[in-house]
Structure formats: C-alpha cells, structure tokens
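The block underneath contains the structure these notes are about, expressed in structure tokens.
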Amino acid sequence: MATHEEAKSRVEQIFWSHVAAFAIIASGLIVLSFGESTEEMTWIIAAWATAVLIHALLFFSPDSQQQMVKRTHSRMDWRRQNLTSRRSLTR
C-alpha cells in the first residue's frame, strides 16, 4: 500500500519533470531557431508555457494539490494491487 508521502513525492516529481522538460526543450528550440524567428515556434512555446503555468497554479494551490496527491495515491495502490494479483496468477 502506498503511503501519503510516496504519493506526494510522486506529484512533486511529475510537476518538476514537466517544468524541466519545458525549460530544456524550449531552450533547445530557441537555440536551433536563433536568427530565424518563426511564428510557429513562438506559438508552440507559448502554448506549452501556458500549460506549465496552469500546472503550477494547480500544484501550488493547497486544495488542488491535495486532490492530486489523493488521486495519485489511489492510482499507486491500484497498480500495486494489480501487479500483486498478476504475479499470483502466473505462479
């Protein structure tokens, strides 16, 4: 059974992974298009930045974060139960 702390840690890991992926890929896109400012690139980065901003607003909102942790906790429990039942079926 997953603990509350494991679920909270997973929620934090997902958020910071999203931020890191955005920062790395957006930086790479900007470097690759240096000198060639394309409107498409701007819209892609702006749309993804908006998604990261929404994720951040949800992540830093206590009520929303509590819901994310609760949902993640139940998913972790469900996965562990299914993994355990599959292992017992293969024996």
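Angle, helix 4-32 long axis vs. longest principal axis of the chain, Cα atoms, 0 to 90°, nearest 10? The helix 4-32 is inclined about 20 degrees to the chain.
When only Cα pairs below 8 angstrom with a gap of at least 6 residues are kept, the range 4-90 shows a relative contact order of 53 percent.
The charge dipole of the chain, taken about the Cα centre with unit charges on the Cβ atoms of Lys, Arg (+1) and Asp, Glu (-1), comes to about 920 debye, rounded to the nearest 20.
Using θ = phi - 60° in the Karplus curve 6.51 cos²θ - 1.76 cosθ + 1.60, the 3J(HN,Hα) couplings for the range 63-75 round to 5, 5, 5, 4, 5, 4, 5, 4, 5, 5, 4, 5, 5 Hz; x is entered for Gly and Pro. Against the chain, whose longest principal axis comes from its Cα atoms, helix 39-60 is set at around 40 degrees. From the residues 58, 7, 34, which one has its Cα farthest along the dipole of the chain in the positive direction, the dipole being from +1 and -1 charges on Cβ of Lys/Arg and Asp/Glu about the Cα centre? About the Cα centre, the residue reaching furthest to the positive side is 7. Using the Stokes-Einstein relation with a Kirkwood hydrodynamic radius computed over Cα pairs, the translational diffusion coefficient of the chain at 25 °C and a viscosity of 0.890 mPa s comes to 157 µm²/s.
Each label point was placed 7 Å from the Cα along the Cα-to-Cβ direction; for residue 12 and residue 43 their separation is 3.8 nm.
Under 5 Å from the amide H of residue 2 lie the amide H atoms of 77, each residue being 5 or more positions distant or on a separate chain, with H modelled from the backbone and absent for Pro and chain starts.
Taken together, the values in this text are just the output of simple stated rules run on the coordinates, not laboratory data. Remember, predicted model here, so these are calculated numbers, not experimental data. Backbone-built Cβ (ideal geometry, glycine too); neighbour counts: all protein chains shown.
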